């Protein structure tokens, strides 16, 4: 599994290189990258989530769903606490270290190294993470104790996708064959488009300034090593029979900084360049850290 995972991480890195070249050669513009982002948020990621719920409802999968939701809540609470402890006076760093990129980065790794059904176990993680970004994340970015209204969160594409997926899972109904094929085809766009976006971020980054900014290494260490190790400790308390669930959530927790930090930084007038750098450098380091952490987990579990 480690070799499969390492190979997939390398492929994703190469895909980001394609995005980098496309932007540098002006085949993709800044406006075009925003359109790619809209496709990711409103189409491909929701389809990936819906696809993940296309599993048979059994006592085992029901228990897995409940345990994965509990694990997600505990791990994300630890993410926030640890990030605030290390980066209390730096809202961008606190946001970046708190929130990984399970949707665009983690899901492709989970599908390639485990199975498409394993995405089912990270649905709660993705839901909780996005909810916290839209509330706690906005609060630390703006310095105000408020975020988006609950109604706005319920209208978010990822939340609608989870509700649709839960409907099919709990009722046992299956999508019509044509609809299921369409959802699967759109879901397949998730990996290349997400990594093209990382490459576009990289193309807009001053690489020399980035490698000289020491704080980025601290953020990456917390996001890619400390927090995943804590997640591994939490997941060690789960039954050994739920290995796929444990590995899927670990991969989600071990992912690099989520690209939403750049979105929120730009939206709220913060240092957009700095936010982008946290995404780029943590993504580069994750090529090594994710396979290493999964290998360690397999030895321990």
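Structural remarks
- With each label modelled as a point 7 angstrom along the Cα→C-beta vector, the residue 243-residue 81 pair spans 3.0 nm.
- Span from the segment 77-126 Cα centroid across to the segment 194-228 one, whole angstrom: 15
- Most fluctuating residue given options 185, 278, 289, as computed from a GNM of the chain linking Cα atoms under 10 Å: 185
- Extended-chain gain in nm, criterion 0.36 nm per residue less alpha-carbon gap, residue 299 and residue 185: 37.5 nm
- Relative contact order computed over the chain (Cα-Cα under 8 Å; 6+ residues apart), in percent: 33
- Nearest-0.05 FRET efficiency for residue 73 and residue 211, computed from C-beta distance (R0 45 Å): 0.80
- Potential lengthening of the chain between residue 266 and residue 171 amounts to 30.1 nm, from the contour at 0.36 nm per residue minus the alpha-carbon distance.
- Choice from 140, 92, 36 with maximal GNM fluctuation in the chain (Cα, 10 Å cutoff): 36
- For the chain, the mean residue ellipticity at 222 nm estimated from helices alone is -22000 deg cm²/dmol, where every DSSP H run of n ≥ 4 contributes -39500 (n - 2.57) and the total is divided by all residues, rounded to the nearest 500.
- Between residue 128 and residue 10, the modelled label-to-label distance comes to 3.4 nm, taking each label 7 Å out from Cα in the direction of the beta carbon.
- Max mean-square fluctuation residue, GNM over the chain, Cα-Cα springs under 10 Å, options 261, 183, 276: 183
- Whether segment 208-301 is rounded, prolate or oblate, judged on the alpha carbon gyration tensor where a/c under 1.5 counts as rounded: prolate
Each value in this text was obtained by applying a stated rule to the coordinates, not by laboratory testing. Since we're looking at a predicted model, the values are computed, not measured. Heads up, the Cβs are rebuilt from the backbone with ideal geometry, glycines too, and the neighbour counts pull from every protein chain shown.
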